[in-house]
Amino acid sequence: MRTLGNIIWFLFGGAVMGLAWVLFGVLAFISIVGIPWGRSCFVIAGFSFFPFGKEAIYRDELTRAEDIGTGSFGFIGNALWFIFAGVWLALGHVASAIACFVTIIGIPFALQHLKLAVISLAPIGQTIVDKDVAAMARYKNNKFKL
């Protein structure tokens, strides 16, 4: 089902928003200063092309270790991202979600667009993994908190 969902997603909207992520990634790489943002764009573009069966998770939640993208520099990077690109990508995903919500069969796709809209507001410090890996990381984190 995951493969079928990804194929339908790609054909009916995922390709457009995935290309938007690639465009912002290329623009970030051209600026040289934006290379860290460009890297995040390309990772999330892959997720935007084929989102079913994958999940975005914060790297510190996955590895249980803070890095430059999950600390204070990540916060500053996300604030800059929000101003220059995050809002526009989020609006694109919300508009796509509204278009998908019109049809009953499009509701799962609309929900994916809304997840991507949230991710697009602050992508620094997040990574994309299989749902099983994300669930295992959350399970291990909760186990160690007890």
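The values are calculated or read from the model by the stated rules, or taken from the named source; none is laboratory data. For clarity, every value in this text was computed on a predicted model and none was experimentally measured. Quick reminder, even Gly has a Cβ in these numbers, built from the backbone with ideal geometry, and neighbours come from all protein chains shown. Side chains are part of the model used for accessible areas, which takes the heavy atoms of the whole protein and leaves out ligands, DNA and RNA. Shrake-Rupley method; radii C 1.70, N 1.55, O 1.52, S 1.80 Å.
When we screen Val87, Val129, Val118 for residues that are open to solvent by 60 Å² or more (accessible area, probe 1.4 Å) and modelled with pLDDT of 90 or more, the only hit is Val118.
For every residue, the table says whether it meets (1) open to solvent by less than 90 Å² (accessible area, probe 1.4 Å); (2) under 27 Å from Ala110 (Cα atoms).
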position: Thr3; (1), (2): no, yes
position: Gly18; (1), (2): yes, yes
position: Val43; (1), (2): yes, yes
position: Lys54; (1), (2): yes, yes
position: Asp60; (1), (2): yes, no
position: Ser72; (1), (2): yes, no
position: Asn78; (1), (2): yes, yes
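The requirement of being assigned to a helix (DSSP H, G or I), touching a residue at least 60 places away in the same chain (Cβ under 8 Å) and more than 15 Å from Ile8 (Cβ to Cβ) is fulfilled nowhere in segment 96-107; no residue meets it. Residues that are closer than 13 Å to Phe84 by Cα and either buried (at least 17 other Cβ atoms within 10 Å of the Cβ) or under 15 Å from the mean Cα position of the chain (by Cα) (or both) within segment 24-40 comprise Phe24, Gly25, Ala28, Gly34, Trp37, Gly38, listed in sequence order.
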